[in-house]
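Just below is one structure, and these are the notes that go with it.
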Amino acid sequence: MKTQILNRNESTEQAILQAGEMLKSGKTVAIPTETVYGLGANALDEKAVAKIFEAKGRPQDNPLIVHIESTDKLELYCDDIPDKAYKLAVSFWPGPLTMVLKRKSVIPSSVSAGLDTVAIRLPSNEYARRIIAASGCPIAAPSANTSGSPSPTKAEHVLHDLDGRIDAVFDGGDSEVGLESTVISLVGDVPRLLRPGAVTPEMLKEVLGEIIIDKAVTQLISSQEKVSSPGMKYRHYAPRAKMTLIRGSIDATERYIKENLCEKMAVLCFDGDEKLFSEYAFTVTYGAENDSKAQASRLFDALRLLDRDDVERIYARCPKSDGIGLAVLNRISKAAAFDIVDV
Ligand code: AMP
Ligand code: MG
């Protein structure tokens, strides 16, 4: 299959119409969103949805997020929508928040990996919204990467993983947030945060009052365990090399790394730290120590840069955990299989 690249040689208007038509006719198109690039297909078309799982090598029990163009579409695809959902929509949509609600049967069960719930999001990225509108259908879209690798924040990342396996990618430049959406489930009595993202626990609590933070957010979940958010149990984001997070001051981190030198080593550090390590290690930075937002937008690209044959061991500086930092910590911890050393 030849993968078309849209929005490079034709007008944006034309590219949007073409992406919309391709999606409507059952093809797979990777689309830019403010979180990461998503691999889109018509969520009402079971055959189209199957192509997503196939192209990504995604386990069948890992459900997809359905993207809509306006809040009023919620009622078409979800049942028993609580007031809390509308409150969240008013505060955070369009934007990087996904809500898990009861699924109506128009959404095929395969979209939700057999669950009776469905995850729904209204993205803020203008290209994404216009493409969804042009398609005239809800768009199921997980991250547009090979299953297990870091999520794509550039069209090049999508092509690196999926060229020849999907019908098209729409080049909309770099993703703004850089981490996948916050996922909150509203089907239980108390809202449950399943995955941290740019809409932070603090922001959610302001609207909802009490929330529960699922244990998959902060802990390693074994593949045997039953989890509320199936995607959280999979090895994810990880470069081929073994990675360890070092939590502590720069001085203590430098000392630890010097005491644990190894062959083919790389250091993933904050802006400005690289000069301490570059003489003996391949170094990659992912933002300033106090800038969680920059870390979010750069982490996945940094993890991809570390994925090279001459890197077999990675030491990474551990991010802070407040605000969007919780999401950065969650993703980098998963990349390191929760191997964290306190120094
Ligand atoms: P991705 O778009 O690749 O980040 O994957 C979407 C993630 O959203 C999945 O891995 C799940 O963890 C979560 N998700 C999607 N649908 C549901 C659902 N119905 N219930 C709980 N979590 C979901
Ligand atoms: Mg994903």
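Any idea how many residues of region 249-278 are loosely packed, with under 12 Cβ neighbours inside 10 Å, of a type in the set (Asp, Glu) and modelled with pLDDT of 95 or more?
In the first step, residues of region 249-278 are kept if they are loosely packed, with under 12 Cβ neighbours inside 10 Å; the result is 249, 251, 258-259, 261-263, 272, 275.
Checking which are of a type in the set (Asp, Glu) leaves us with 251, 259, 263.
Subset that is modelled with pLDDT of 95 or more: 251, 259.
Here the count works out to 2.
Can you pull out every residue in region 181-190 that is surrounded by 24 or more Cβ atoms within 10 Å (Cβ to Cβ) and either more than 13 Å from the chain's Cα centre (by Cα) or closer than 25 Å to Gln4 by Cβ (or both)?
Applying the first criterion (surrounded by 24 or more Cβ atoms within 10 Å (Cβ to Cβ)) to region 181-190 yields 181-184.
Once the filter is applied, which keeps residues that are surrounded by 24 or more Cβ atoms within 10 Å (Cβ to Cβ) and either more than 13 Å from the chain's Cα centre (by Cα) or closer than 25 Å to Gln4 by Cβ (or both), region 181-190 yields only Ile184.
Could you check how many residues of region 154-198 are modelled with pLDDT of 95 or more, assigned to a loop (DSSP other than H, G, I, E, B) and either of a type in the set (Ser, Thr, Tyr) or farther than 22 Å from Arg130 by Cβ (or both)?
Of all residues in region 154-198, those modelled with pLDDT of 95 or more come to 154-187, 190-198.
The next check asks that each one be assigned to a loop (DSSP other than H, G, I, E, B); those that pass are 154, 163-167, 171-181, 186-187, 190-191, 196-198.
Still in the running and either of a type in the set (Ser, Thr, Tyr) or farther than 22 Å from Arg130 by Cβ (or both): 163-165, 175, 179, 181, 186-187, 190-191, 196-197.
Matching residues across region 154-198 total 12.
For region 202-233, enumerate the residues that are at pLDDT below 95, assigned to a helix (DSSP H, G or I) and more than 13 Å from ligand 1 (Cβ to nearest atom).
Correct list: Lys215 only.
How many of the residues in region 62-89 are in a helix (DSSP H, G or I) and aliphatic (A, V, I, L, M)?
The first filter runs over region 62-89 and keeps only residues in a helix (DSSP H, G or I), leaving 71-77, 83-89.
Narrowing the set further to residues that are aliphatic (A, V, I, L, M) leaves 74, 76, 85, 88-89.
Qualifying residue count for the region: 5.
Taking Leu159, is it surrounded by fewer than 20 Cβ atoms within 10 Å (Cβ to Cβ), touching a residue at least 40 places away in the same chain (Cβ under 8 Å) and aliphatic (A, V, I, L, M)?
For Leu159, the condition - surrounded by fewer than 20 Cβ atoms within 10 Å (Cβ to Cβ), touching a residue at least 40 places away in the same chain (Cβ under 8 Å) and aliphatic (A, V, I, L, M) - is met.
What's the total number of residues in region 52-67 that are touching a strand residue (DSSP E or B) at 6+ places or on another chain (Cβ under 6 Å) and either more than 13 Å from ligand 1 (Cβ to nearest atom) or aliphatic (A, V, I, L, M) (or both)?
As a first pass, look at region 52-67 and keep what is touching a strand residue (DSSP E or B) at 6+ places or on another chain (Cβ under 6 Å): 52, 64-67.
Cutting the leftovers down to either more than 13 Å from ligand 1 (Cβ to nearest atom) or aliphatic (A, V, I, L, M) (or both) gives us 52, 64-66.
Adding up the residues that qualify gives 4.
Quick check on region 51-82: of everything there that is aliphatic (A, V, I, L, M) and surrounded by 15 or more Cβ atoms within 10 Å (Cβ to Cβ), which residue is farthest from Ser228 (Cα to Cα)? Please lay out each step first, then the result.
Going through region 51-82, the residues aliphatic (A, V, I, L, M) turn out to be 52, 55, 64-66, 68, 74, 76, 81.
If we keep only those that are surrounded by 15 or more Cβ atoms within 10 Å (Cβ to Cβ) as well, we get 52, 55, 64-66, 68, 74, 81.
Numbers: Ile52: 22, Ala55: 25, Leu64: 14, Ile65: 15, Val66: 17, Ile68: 23, Leu74: 21, Ile81: 19 Å.
Looking at residues that are aliphatic (A, V, I, L, M) and surrounded by 15 or more Cβ atoms within 10 Å (Cβ to Cβ), I get Ala55.
Restricting attention to region 140-149, does a residue exist that is surrounded by 18 or more Cβ atoms within 10 Å (Cβ to Cβ), modelled with pLDDT under 95 and either within 12 Å of ligand 2 (Cβ to nearest atom) or assigned to a strand (DSSP E or B) (or both)? I'd like the intermediate steps shown before the answer.
Our first condition is that a residue be surrounded by 18 or more Cβ atoms within 10 Å (Cβ to Cβ); within region 140-149, this holds for 140-145, 147, 149.
Retained after the next criterion (residues that are modelled with pLDDT under 95): 147, 149.
Still in the list and also either within 12 Å of ligand 2 (Cβ to nearest atom) or assigned to a strand (DSSP E or B) (or both): 147, 149.
The answer is yes, given that some residue of region 140-149 is surrounded by 18 or more Cβ atoms within 10 Å (Cβ to Cβ), modelled with pLDDT under 95 and either within 12 Å of ligand 2 (Cβ to nearest atom) or assigned to a strand (DSSP E or B) (or both).
Okay, residues lined up against (1) more than 19 Å from Ile107 (Cβ to Cβ); (2) part of a helix (DSSP H, G or I); (3) within 16 Å of ligand 1 (Cβ to nearest atom):
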residue	(1), (2), (3)
Ile5	yes, no, no
Ile16	yes, yes, no
Ala19	yes, yes, no
Gly26	no, no, no
Glu34	yes, no, yes
Leu39	no, no, yes
Val49	no, yes, yes
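Would you be able to tell me the number of residues in region 31-77 that are more than 18 Å from Ser124 (Cβ to Cβ) and of a type outside the set (D, E, K, R)? Step through it out loud before you land on a result.
Just the residues of region 31-77 that are more than 18 Å from Ser124 (Cβ to Cβ), to begin with: 39, 41-64, 75-77.
Now restrict to residues that are of a type outside the set (D, E, K, R): 39, 41-44, 48-50, 52-53, 55, 57, 59-60, 62-64, 76-77.
So the answer is 19.
If you go through region 16-29 one residue at a time, do you hit one that is within 24 Å of Asp116 (Cα to Cα), out of contact with any strand residue (DSSP E or B) (no Cβ under 6 Å at 6 or more places or on another chain) and among the polar types (S, T, N, Q)?
no
Before we move on, is Arg331 surrounded by 23 or more Cβ atoms within 10 Å (Cβ to Cβ) and among the basic types (Lys, Arg)? Walk me through how you get there before you give the answer.
Working: surrounded by 23 or more Cβ atoms within 10 Å (Cβ to Cβ): yes; among the basic types (Lys, Arg): yes.
The answer is yes for Arg331.
Which count do you get for residues in region 157-204 that are more than 19 Å from Ser297 (Cβ to Cβ) and basic (Lys, Arg)?
Selection size over region 157-204: 2.
For residues that are within 17 Å of Pro150 (Cα to Cα) and surrounded by fewer than 20 Cβ atoms within 10 Å (Cβ to Cβ), scanning just region 279-300, find the one that is nearest to the chain's Cα centre (by Cα).
The qualifying residue nearest to the chain's Cα centre (by Cα) is Ala294.
Within region 90-121, work out how many residues are assigned to a helix (DSSP H, G or I), among the hydrophobic types (A, V, I, L, M, F, W, C) and either in contact with a Phe, Trp or Tyr (Cβ under 9 Å, 6 or more places away or on another chain) or within 9 Å of ligand 1 (Cβ to nearest atom) (or both).
Start the filter on region 90-121 by keeping residues that are assigned to a helix (DSSP H, G or I), which leaves 90-92, 109-112.
Right, trim to among the hydrophobic types (A, V, I, L, M, F, W, C) and you get 90, 92, 111.
Among the residues that remain, those that are also either in contact with a Phe, Trp or Tyr (Cβ under 9 Å, 6 or more places away or on another chain) or within 9 Å of ligand 1 (Cβ to nearest atom) (or both) are: 111.
Looking only at that region, the number is 1.
Quick check: anything in region 192-201 in contact with a Phe, Trp or Tyr (Cβ under 6 Å, 6 or more places away or on another chain), more than 17 Å from Ala55 (Cβ to Cβ) and within 15 Å of ligand 1 (Cβ to nearest atom)? Spell out how you get there, then give the answer.
Of the residues in region 192-201, the ones in contact with a Phe, Trp or Tyr (Cβ under 6 Å, 6 or more places away or on another chain) are 199.
Still in the list and also more than 17 Å from Ala55 (Cβ to Cβ): 199.
With within 15 Å of ligand 1 (Cβ to nearest atom) added as a condition, the list becomes 199.
Yes: region 192-201 contains one or more residues that are in contact with a Phe, Trp or Tyr (Cβ under 6 Å, 6 or more places away or on another chain), more than 17 Å from Ala55 (Cβ to Cβ) and within 15 Å of ligand 1 (Cβ to nearest atom).
If I go through region 302-328 residue by residue, how many of them are free of Cβ contacts under 8 Å to residues at least 60 places away in the same chain and either outside any loop (DSSP other than H, G, I, E, B) or crowded, with 20+ Cβ neighbours inside 10 Å (or both)?
4
The values are calculated or read from the model by the stated rules, or taken from the named source; none is laboratory data. Everything quoted here is computed from the prediction, not taken from an experiment. Every residue, glycine as well, gets a Cβ built from its backbone with ideal geometry; the counts of neighbours run over all protein chains shown.
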